[in-house]
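Some notes on the structure that comes next.
Every read-out reported here was derived from the displayed coordinates using simple, explicitly stated rules and does not represent laboratory data. None of the values given here were measured: they were computed from a predicted structure. Virtual Cβ from ideal backbone geometry, glycine too; neighbours counted across all protein chains shown.
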Amino acid sequence: MNRPVRKAVFPVAGLGTRFLPATKAMPKEMLTVVDRPLIQYVVDEAREAGIEHFVFVTGRNKSVIEDHFDIQVELELTLEQRGKTAEFEALRRDLPSPGQHSFTRQQAPLGLGHAVWCARELIGDEPFALLLPDVLIQAPRGCLAQMMDAYATAGGNIIAVEEIPADKTSSYGVVDVGEGDGQTFEINGMVEKPAPGTAPSNLIITGRYILQPEIFTLLAEQRTGAGGEIQITDAMIELLKNQRFTGVRFEGRTFDCGSKPGFLIANVAYALERTDIAPDFLDELKRIITSNGGRP
Ligand code: G1P
């Protein structure tokens, strides 16, 4: 019987320099896709997968994220007084239950592996999910829920992967594909940000993981890798010597919201899924596209 995955880690300490000046005073995880902050989508995905406790690894200037996941008494009172019951209930639905979220701080930007290691006390000795909030995945069934299905069979560590053009692999972690049925397969190796032309495949690590707690012992060594940072991929490469890693080619569309085009396209894609917005939005969008590339 595989131990249940009850907790999830959300690394939200990054500076968001690619989105300045929007992120000067506001965390990048609070940038909105349609009308929800990025972090809310990722928390929703974790909740859909059965996660019960949400661990946020924050940094300076990130207290708005804590406020977002708290009750806003004045706002709720006003909504109630104005009879805006639907809005009131929607706000409540987005909240984790009392005591089901924790915050810790990464005090220095030493890399993703270091951010995850900062959550070790809050996770303890049990498997956990790791979700990178830069990555939004639009899918009929959430990506983490799909990974939980694979975990129920394979156990061990599970990594969501997706295919990208070979000339883009050097920006990501890349896996070496072993035995499997194409959809789910054993991972034989991994490399973080391979030099052009050296990647073992064109399947990249997408930003969703289920990891066993032994990863923390390896992260504690604080060895630096690509970009001089402590990389989660390097600790996973070590763990692969003793534990099984399974790759899952999930169903769904990924948006890299750490890049401006990815973020903007995510807004378009999520707006087009909303019945309250899509008809008017699509009309305007078509008008922009057909009118000389958007120029008047
Ligand atoms: C991180 C991981 C990388 C993964 C990527 C997904 O890289 O280290 O393995 O492929 O997220 O977005 P970063 O985007 O922090 O450079």
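Could you work out how much longer the chain between Leu77 and Thr217 gets when fully extended? Use 0.36 nm per residue separation minus the Cα distance between them, nm to one decimal.
Extra length available between Leu77 and Thr217 comes to 45.7 nm.
If you rank Ser171, Ser97 by fewest surrounding Cβ atoms within 10 Å, what's the result?
The most exposed by this proxy come first: Ser97, Ser171.
Could you list which residues have their amide H under 5 Å from that of Asp176, counting only those 5 or more apart in sequence or on another chain, with H placed in the peptide plane?
Asn188, Gly189, Met190
Just to be sure I understand: with springs between alpha-carbon atoms less than 10 Å apart, which residue in Leu131, Leu31, Leu79 has the highest mean-square fluctuation in the Gaussian network model of the chain?
Of Leu131, Leu31, Leu79, the most mobile in the Gaussian network model is Leu79.
Rounded to two decimals, what ratio of Rg to Rh does the range 1-140 give with C-alpha atoms and a Kirkwood Rh?
For the range 1-140, the value is 0.98.
For the range 23-155, with the dipole built from +1 on Lys and Arg beta-carbon atoms and -1 on Asp and Glu ones, taken about the Cα centre, which of Gly59, Cys118, Gln100 lies farthest toward the positive end?
Gly59
Of Phe19, Ile230, Pro140, whose Cα points farthest to the positive end of the dipole of the chain (charges on the beta-carbon: +1 Lys, Arg; -1 Asp, Glu; origin at the Cα centre)?
Phe19
About its Cα centre, what dipole magnitude does the chain give when the only charges are +1 on Lys and Arg Cβ and -1 on Asp and Glu Cβ, stated in debye to the nearest 20?
Result for the chain is approximately 620 debye, rounded to the nearest 20.
Report, in listed order, any pair from Lys24/Lys286; Lys62/Lys241; Lys84/Lys286; Lys62/Lys286; Lys7/Lys84; Lys7/Lys62 with a Cα-Cα distance greater than 31 Å.
Where the Cα-Cα span goes over 31 Å, the pairs concerned are Lys24/Lys286; Lys62/Lys241; Lys84/Lys286; Lys62/Lys286; Lys7/Lys84.
Say a paramagnetic label sat at a point 7 Å from the Cα of Arg60, along Cα to Cβ; which residues of the range 97-121 have their backbone N under 17 Å from it?
It comes to 105-111, nothing else.
Kindly list the residues of the range 45-70 that lie in the label zone of Arg36, defined by a backbone N under 16 Å from the point 7 Å along the Cα-to-C-beta vector.
45-51, 68-70
At 7 Å along Cα-to-Cβ for each site, give me the label-to-label distance between Gln183 and Lys241 in nm.
Spacing of the two 7 Å Cα→Cβ label points: 3.5 nm.
Under a plain spin-label model, where a point goes 7 Å from the Cα along Cα-to-Cβ, how far apart in nm are Thr275 and Arg3?
Here the modelled spin labels are 4.3 nm apart.
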